[in-house]
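I have placed the structure first, in the form of structure tokens, so that the comments after it can refer back to it.
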Amino acid sequence: MENIVNELLDRPLSFVTRWHNRPNNGLRESVAEHSAWVTRIASLLGNLCTQRDKINWKLLYETALFHDDVEIFTGDIPGAFKHKFTKAKNDIKSWEVFAASNLFLGLPKALSDNYRKNILDYINRPKLPKLELRLVHAADVLTALSYAKTQVEMGNALFKDVMANIRFDAFCFFSRDDIFLTKELKPLIDWLKE
């Protein structure tokens, strides 16, 4: 077991930059910031969805917070690249699975095994994953959309296509999943449809 001090005090995700493949307006986002936003939005979505009484909140929070921890090793790999090239997507998934096995080595075994399992479940999620993984994925999409929207509002035209693509993907995702069909989330779905 590595030193637990490293697990508690190191901050590697604070130095991994997202969206590094696109010019931005000086607004940089680290993977640590992204993970905090995903956790916040997943919590909000969980409380507003139709099945909030069935949520395993511990699983939701741990998965949301740690879902991109493999990027300590892989760096941020742009989603557009992952989704456009099927072979690369499969290779990247293998790489992420390998990276996950090297996370949390300084923690007690039961705890590190639990965190790694949550990350692997998220990486390997099927088309219709369990409720908590759907909420984390939805929060992940909305967080990307929020960043792209902010870039566009700051005058960065290079994010217009990104925002349009993510917005369409988000609309498809939210409108086909019945857990999001609540009166509280209707304004979000209407906005995504515009």
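A few notes on this one:
- FRET efficiency, LEU9 to GLU153 (Cβ-Cβ, R0 35 Å, nearest 0.05): 0.45
- Whole-percent pair-distance distribution, where bins are 10 Å wide, for the alpha carbons of the range 105-156: 22, 31, 27, 16, 4
- Hypothetical label at CYS172: residues of the range 110-132 whose amide nitrogen lies under 19 Å (7 Å Cα-Cβ projection): 125-129
- Farthest positive-ward along the chain dipole, Cα basis, beta-carbon charges - from SER94, ASN165, ALA42: ASN165
- Tail weight of P(r) past 20 Å, computed on alpha-carbon pairs of the range 12-126, percent: 48
- Taking each DSSP H run with n ≥ 4 as -39500 (n - 2.57) and averaging over every residue of the chain yields -19500 deg cm²/dmol at 222 nm.
- Percentage, to the nearest whole number, of Cα pairs in the range 140-194 over 19 Å apart: 27
- Contour excess over end-to-end distance, with Cα ends at GLU194 and LYS84 and 0.36 nm allotted per residue: 37.1 nm
- For LYS160 and LYS183, the difference between the fully extended length at 0.36 nm per residue and the C-alpha to C-alpha distance is 5.4 nm.
- In percent, rounded to a whole number, the relative contact order of the range 55-118 is 42, using alpha-carbon pairs under 8 Å and six or more apart.
- Sequence-distant contacts, meaning Cα pairs under 8 Å at least 6 residues apart, place the relative contact order of the chain at 28 percent.
- The range 141-159 and the range 94-128 have Cα centres spaced 30 Å apart.
- Mean projection of the Cα convex hull over all viewing directions, computed for the chain: 11.3 nm².
Every read-out reported here was derived from the displayed coordinates using simple, explicitly stated rules and does not represent laboratory data. Computed from a predicted structure; not experimentally measured. Heads up, the Cβs are rebuilt from the backbone with ideal geometry, glycines too, and the neighbour counts pull from every protein chain shown.
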